[in-house]
1. How many residues are open to solvent by 40 Å² or more (accessible area, probe 1.4 Å), among the β-branched types (Val, Ile, Thr) and free of Cβ contacts under 8 Å to residues at least 60 places away in the same chain if we restrict to the stretch 82-130?
2. Kindly provide the set of residues from the stretch 244-268 that are of a type outside the set (D, E, K, R) and either within 14 Å of Thr116 (Cβ to Cβ) or free of Cβ contacts under 8 Å to residues at least 40 places away in the same chain (or both), ordered by number.
3. Ala47 passes all but one of (1) modelled with pLDDT under 90; (2) surrounded by 10 or more Cβ atoms within 10 Å (Cβ to Cβ); (3) of a type in the set (A, V, I, L, M, F, W, C); which number fails?
4. Quick one: which residue in Phe200, Phe237 is open to solvent by less than 60 Å² (accessible area, probe 1.4 Å), without any contact (Cβ under 8 Å) to a residue 40 or more places away in the chain and over 30 Å from Asp100 (Cβ atoms)?
5. Which members of the stretch 243-268 meet the condition of being under 15 Å from the mean Cα position of the chain (by Cα) and open to solvent by less than 30 Å² (accessible area, probe 1.4 Å)?
6. Considering each of Ile37, Ile11, Ile24 in turn, give the residue that is open to solvent by 50 Å² or more (accessible area, probe 1.4 Å), at pLDDT below 90 and touching a Ser or Thr at 6+ places or on another chain (Cβ under 9 Å).
7. Please go through the stretch 187-221 and pick out each residue that is over 30 Å from Lys284 (Cα atoms) and in a strand (DSSP E or B).
8. Go through the stretch 137-185 and give me each residue that's part of a loop (DSSP other than H, G, I, E, B), under 30 Å from Tyr279 (Cα atoms) and at pLDDT 95 or above.
Amino acid sequence: MKRKLIIKILIIASLALLAIGGIITIIICSNNKKIDIGFHTILESKAYTYEEGRRMTFNVYSDTYSTLLKDTKNNKYILKLNTLTYELENVSVERYKSEDYTLIKISADLPYTSKTISSDSAKLLIITAKYQLSLRLGCLSIFNHDEHELLGVDSYYGTYSIVDGQKVLVGINIKFSKKYLKMRDLKIGEFAYGNLGQAFISNNMPHEINISDYLATYNIYRVERSADVDVSNDTYFIPLNYTTIGTIRESYLTIILDDKKYYLDDFSFMTNELSYKDYKDKMKDGEFI
């Protein structure tokens, strides 16, 4: 009788252990299960001039219209710039459904900064109730203009070329409002540098070109920060070189003219969205962490 009782207790204990093991396995599998929703980004080079109340926007492409990314009341949205992190405030999320994808536009107030900050590997971390999503953004800069004076110009626009399958801002066209003797250190954001040594006068440069048709020795990766270039009231085409390439659609400009620091406020070089079809194979997948 005693032996039967011991056997019964062992059987019950074994079943209990199996049940506990099964529950633990289910929990582990549930926590580590693959999330089928896909999120993707295009690496851009974003640059903003800081002013109170200004906003920044990030484009995310999704395989589905329904998403937790829109739950702004409960989510956290964290911008990561190298060693700096900022929890974004006043976040809003808009969704635009297309036949093949959903474009999600995430907007937030610009984080305050007392100095210019930048990163060539910026990320957006979104913490939801079910998962944490890390999205690669590309380059991002926030400019503090306290030491610069606002520059006046008569005309200003960008020129693009296709480089490695993506549309890249290869030059700017600028006509100053007054005459300066020399210019140096022109930058668009913090990662595109004006090649002043290859600048030339041009009043009708198209918005899209094959840059090599105009500059046979042009190398987008060879940064040449020429100084003391004479300027007049003519419209100049100033080619750009990059330390890190990313599509620039909007940016500020900084320049030194006659030894004085100037800036041009955020300017939209490109008003339309980037083509999903053209960039689909170049998008970076979001990572669930």
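The values are calculated or read from the model by the stated rules, or taken from the named source; none is laboratory data. It should be emphasised that the depicted structure is a prediction, and the values quoted were computed from it without experimental measurement. As a convention, Cβ positions derive from the backbone with ideal geometry for all residues, glycine included, and neighbour counts pool all protein chains shown. All accessible areas refer to the heavy atoms of the entire protein, side chains included, with ligands and DNA or RNA removed. Shrake-Rupley method; radii C 1.70, N 1.55, O 1.52, S 1.80 Å.
1. Summing the residues that are open to solvent by 40 Å² or more (accessible area, probe 1.4 Å), among the β-branched types (Val, Ile, Thr) and free of Cβ contacts under 8 Å to residues at least 60 places away in the same chain in the stretch 82-130 gives 3.
2. Within the stretch 244-268, Ser251, Tyr252, Leu253, Thr254, Tyr263, Ser268 qualify.
3. Condition (1) is where Ala47 drops out.
4. The unique qualifying residue is Phe200.
5. Matches in the stretch 243-268: Gly246, Thr247, Ile248, Ser251, Tyr252.
6. Criteria check complete, one pass: Ile37.
7. Residues satisfying the conditions are Phe200, Ile201.
8. none
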